[in-house]
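Reviewing the structure listed below.
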Amino acid sequence: MKDLLDRVVQVLGDKLVDSTISLGELSIEVTPDKIVAACESLSSHDDLAFTQLTDLCGVDYSAYGAEKPGFHWRKPRYAVVYHLLSVKHNQRIRVKSFINGDMPKIDSVVGIWAGADWFEREAFDLFGIIFDGHPDLRRILTDYGFIGHPFRKDFPISGHVEMRYDPEQKRVIYQPVSIEPRILVPRVIREDGFGG
Amino acid sequence: MAEIRNYTMNFGPQHPAAHGVLRLVLEMDGEIIERADPHIGLLHRGTEKLAETKPYNQSIGYMDRLDYVSMMCSEHAYVRAVESLLGIEAPERAQYIRTMFDEITRILNHLLWIGAHALDVGAMTMFLYAFREREDLMDAYEAVSGARLHATYYRVGGVMLDLPDSMPQYQPSKWHNEKDTKRMNENREGDLLDFLEDFTNRFPGYVDDYETLLTDNRIWKQRLVDIGVVSPERAIELGFTGPMLRGSGIEWDLRRKQPYAAYDNMDFQIPVGVNGDSYDRYLVRMAEMRQSNEIIRQCIDWLRVNHGPVKVDNHKVTAPSRTDMKENMESMIHHFKLFTEGYCAPRGEVYSAVEAPKGEFGVYMISDGANKPYRVKLRAPGFAHLAALDEMSRGHMLADVVAIIGTQDIVFGEIDR
């Protein structure tokens, strides 16, 4: 793991912002404006050869650690997380890039890994992250005509609208949700070593 | 002269060959596919978001419902992710039980796949045969967990219960008399392992039967050979995993390359294809069923002689025994705490992947130190495969799209999540 990190540091140089090795996995952080260049070198450099994009997803950090008194999330609100796999060297790496704003924007990596296409559409659909240069950035999982980005932390779990058939108008209509949101188990953060 | 134009055709979502709720918008030039645009999300339930609102243990059951034909493999990835966040490891016996049930699941999945795939292409008999064998394996599921499909058998820190000492037996009814029942109960006299051993003895013969029906079948070959060819480099680029990648000739199997559970100690081979077409992927999956059968056999042998705990002894994570709970105040508190609040996982993030029957199923989990995950991302193999449907079906005929959907082994529970 350590020598993988050394190789990554060597290849990426100043594109690398931060790196951690934890639970046997290597994560690195890259600034959003250099993501394409960084991914390009990760995938094409012979010593790394991360030729497969296993997974790409968005994360909304706005409620991170909110239950812990005095804790404050300092980095930008959104992150795009890339999980890469090198079939040649049998190694994995996690690349993160933090972005901000109501319409967070990052460059698309479809040109590097063709498999990124749907993963980026999914992150756009669920988090509203815009991937610059994506050939066909449409919603993918939510309904046709859906409003909002459901996996953002400020989107309620029961949604905003519900759908039903209206016998009078003889068509399907949308109306505000009638479900009362309820929390069965509250979210808590216990200090280390709680309860022995 | 008449003007010839491409036309757009809608396929699904209610089509038997769409394997669930796939809506395909096909742009066609006569009968040739120019472009295929899959519309997915009709089964989207927001599993990832739901998992964020529940304590860790309560989401295990959702994992079964992702890929609803390879239930325990998805559970495996989830519990392994939580276990590595917590820094615990399941006892050895639990690891072998998990390995055995992963392989049972693989056979279950491949049987459904071969049945449905052959049915799509026009061979009805396979479907009936495949379901006959699935019945035995689902009985094994039922014996350990009480449920035939959605088992929730794997738990954080092990498995729910040890293997049962006896198998449930058929009772005489107005459909089956004494004699019938006696015959049906023949392999159910012993415990679960005896029942499974009997299955592993019979199963290679069944696979031979399937191969007799299909492998050299002229119609089957005409429908599959050279359909949906993917080159090895392209397969990696597109994010293919599992049999889809191995069918293109890349020897990549997480069970061997990044072993988990008890796969380190298992002796098995990784079948790979040569041409990367649908027929090769068929051959790979058939060979995989035989290998899974061998792994189950090895697990049975190990489990017969090695006994021990199947859950970790840390009652912050696993429930204390019922008797203990009623006699011991501390166990009572542990039980109450576990089922009301759950446990807090230390802050961190983890990606855990298993070789599910369809490919690499991964769980990326972020914890902020609370009793619920902060973010769960489920990496479904079928998602990457279906994304490549457009590329794989271009230039093929309409009927070949059905064969390609079949060969990709699509299940919408995991794609839509």
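Odds and ends about this structure:
- Rounded accessible area of B:HIS19 (nearest 10 Å², 1.4 Å probe): 40 Å²
- Residue-by-residue Karplus 3J(HN,Hα) for region B:349-357, coefficients 6.51, -1.76, 1.60, Hz, glycine and proline x: 9, 8, 10, 10, 10, 10, 7, 6, x
- With at most 14 other Cβ atoms within 10 Å, longest stretch of chain B clear of loop chymotrypsin sites (Phe, Trp or Tyr not before Pro) (DSSP): B:176-417
- Cβ-defined net charge surrounding B:LEU283, 13 Å radius [Lys, Arg +1; Asp, Glu -1]: 0
- Whole-Hz couplings from phi, Karplus 6.51/-1.76/1.60, listed for region B:147-154; x for Gly and Pro: 10, 7, 10, 8, 7, 6, 8, 6
- Only lysine pairs 8 or more places apart, or on different chains, with alpha-carbon atoms under 29 angstrom apart are counted in region A:2-142, and they number 19.
- Given B:LYS182/B:LYS326; A:LYS153/B:LYS326; B:LYS49/B:LYS358, the pairs whose alpha carbons are separated by over 29 Å: B:LYS182/B:LYS326; A:LYS153/B:LYS326
- Between 0 and 90°, nearest 10: helix B:398-408 axis offset from chain B longest Cα axis: 20 degrees
- Farthest towards the positive end of the charge dipole of chain A, among the residues A:VAL110, A:PHE155, A:PRO69, is the Cα of A:PRO69, using unit charges on the Cβ of Lys, Arg, Asp and Glu.
- 10 Å Cβ neighbours from other chains, averaged over peptide A:54-60: 6
- Angle in degrees between helix B:278-305 and the longest Cα principal axis of chain B, rounded to the nearest 10: 10 degrees
- Global geometry of the protein assembly as shown, whether rounded, prolate or oblate, following the gyration tensor of its Cα atoms and the 1.5 cut on a/c: rounded
- At most 16 other Cβ within 10 Å, DSSP loop - GluC sites (Glu not before Pro), region A:120-196: A:GLU168, A:GLU191
- Simple spin-label estimate for A:ARG164 and A:TRP73 in nanometres, 7 Å along Cα-Cβ: 3.5 nm
- Calculated from backbone phi, Karplus (6.51, -1.76, 1.60) coupling profile of region B:174-181 in Hz, x at Gly/Pro: 6, 8, 10, 7, 3, 5, 4, 4
- For B:ARG379, the amide hydrogen comes within under 5 Å of the amide hydrogens of B:GLY362, B:VAL363, B:TYR364, counting only partners 5 or more places away or on other chains and with H modelled in the peptide plane.
- Helix axis angle, B:71-86 relative to chain B longest principal axis, alpha carbon, degrees: 50 degrees
- For the pair A:LYS105 and A:LEU23 in one chain, pulling the backbone fully straight at 0.36 nm per residue adds 26.5 nm over the alpha carbon distance.
- Ordering B:THR340, A:GLY13, B:ASN187 by the projection of their Cα atoms onto the charge dipole of the protein assembly as shown, which places +1 on the Cβ of Lys and Arg and -1 on the Cβ of Asp and Glu, puts B:THR340 at the extreme positive end.
- The share of accessible area on the protein assembly as shown that comes from carbon and sulfur is 52 percent, using a 1.4 angstrom probe.
- Loop-resident trypsin sites (Lys or Arg not before Pro) (DSSP state other than H, G, I, E or B) in region B:160-192 with no more than 14 further Cβ atoms inside 10 Å of their Cβ: B:LYS174.
- Other residues with beta-carbon under 12 Å from the beta-carbon of A:ARG187 carry, at +1 per Lys or Arg and -1 per Asp or Glu, a net charge of +1.
- Complex-versus-alone comparison for region B:372-406, residues with a loss of 30 Å² or more in accessible area, probe 1.4 Å: B:LYS372, B:TYR374, B:ARG375, B:LYS377, B:ARG379, B:PHE383, B:ALA387
- What chain B shows is 38 Å² of accessible area per residue, with the surface traced by a 1.4 Å probe over protein heavy atoms.
- Full-extension gain in nm, B:ASN10 to B:ASN217, via 0.36 nm per residue minus C-alpha separation: 71.4 nm
- Between A:GLN52 and A:LEU85, A:VAL87, the built amide H atoms are under 5 Å apart, and every one of these is 5 or more places off in sequence or on another chain.
- Chains A and B, summed buried accessible surface - 1.4 Å probe, Å², nearest 100: 5000 Å²
The values are calculated or read from the model by the stated rules, or taken from the named source; none is laboratory data. These figures come from a predicted structure and were not determined experimentally. Note: ideal-geometry Cβ built from the backbone for every residue, glycine included; neighbour counts use all protein chains shown. All accessible areas refer to the heavy atoms of the entire protein, side chains included, with ligands and DNA or RNA removed. Shrake-Rupley method; radii C 1.70, N 1.55, O 1.52, S 1.80 Å.
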